Amino acid sequence: FCEISFYPYINEQGQITNVVVVTNDITDRKRAEEALQESEMQLRALFEAAVDGIIMITEDCIIRSVNPAVERIFQYEARELVGQNVKILMPSPYKEQHDQFVENYLQTGEKKIIGIGQEVVGQRKDGTTFPLDLSVAEIKLGDQRFFMSILRDITERKRAEQELRNLS
């Protein structure tokens, strides 16, 4: 690949008298751009195809992105969630406590859920609640901090566990 630039020399009468042509070999840059684009496409495909829900939020608890599994699990469209506080997906009393948990972590570094998977309760768009397995990871991109949640609806598992207990 080659990049070509033309630089005309114009005399006092406004006529082009010479043209300097500069060529740069941009093969390495093009290959790097193509590799980056391929990597981005692979990551996007993984994000979109994941069976578990993936939510990325900012450190002020605003949803930045969700994958299709989140739409299926919570019955919201992505456009309804992006830009909202993540507590939209939580019932009370967790909804009221969430932002303070994040603020405490940001101030103290004390982890209550980050890096630790746990069972929580989610709330669908229609208001119904259900059990979730949730894990949260902290991600730093440059000087920005994000939190990535991976979640799984465990309603069926909990139902099966209850049936087993009932049989005992």
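The values are calculated or read from the model by the stated rules, or taken from the named source; none is laboratory data. Treat the numbers as computed from the prediction; the structure is a model and nothing was measured. So basically every Cβ, Gly included, is an ideal-geometry build from the backbone, and we count neighbours across all protein chains shown. To get the accessible areas, we keep the full protein, side chains included, count just its heavy atoms, and leave off ligands, DNA and RNA. Shrake-Rupley method; radii C 1.70, N 1.55, O 1.52, S 1.80 Å.
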Test Ala78 against the stated conditions and say whether it is among the aliphatic types (A, V, I, L, M), touching an Asp or Glu at 6+ places or on another chain (Cβ under 8 Å) and farther than 15 Å from Ile150 by Cα. yes
If you scan the stretch 68-124, which residues turn out to be modelled with pLDDT of 95 or more, closer than 19 Å to Ile154 by Cβ and open to solvent by 80 Å² or more (accessible area, probe 1.4 Å)? Arg72, Gln75
If Ser135 satisfies every condition in (1) assigned to a strand (DSSP E or B); (2) without any contact (Cβ under 8 Å) to a residue 60 or more places away in the chain; (3) open to solvent by less than 40 Å² (accessible area, probe 1.4 Å); (4) hydroxyl-bearing (Ser, Thr, Tyr) but one, which is the exception? (3)
Given the options Arg152, Arg165, name the one that is closer than 25 Å to Pro68 by Cβ and either open to solvent by 60 Å² or more (accessible area, probe 1.4 Å) or out of contact with any helix residue (DSSP H, G or I) (no Cβ under 6 Å at 6 or more places or on another chain) (or both). Arg152
Quick check on the stretch 19-67: of everything there that is open to solvent by 90 Å² or more (accessible area, probe 1.4 Å) and among the basic types (Lys, Arg), which residue is nearest to Val120 (Cα to Cα)? Arg64
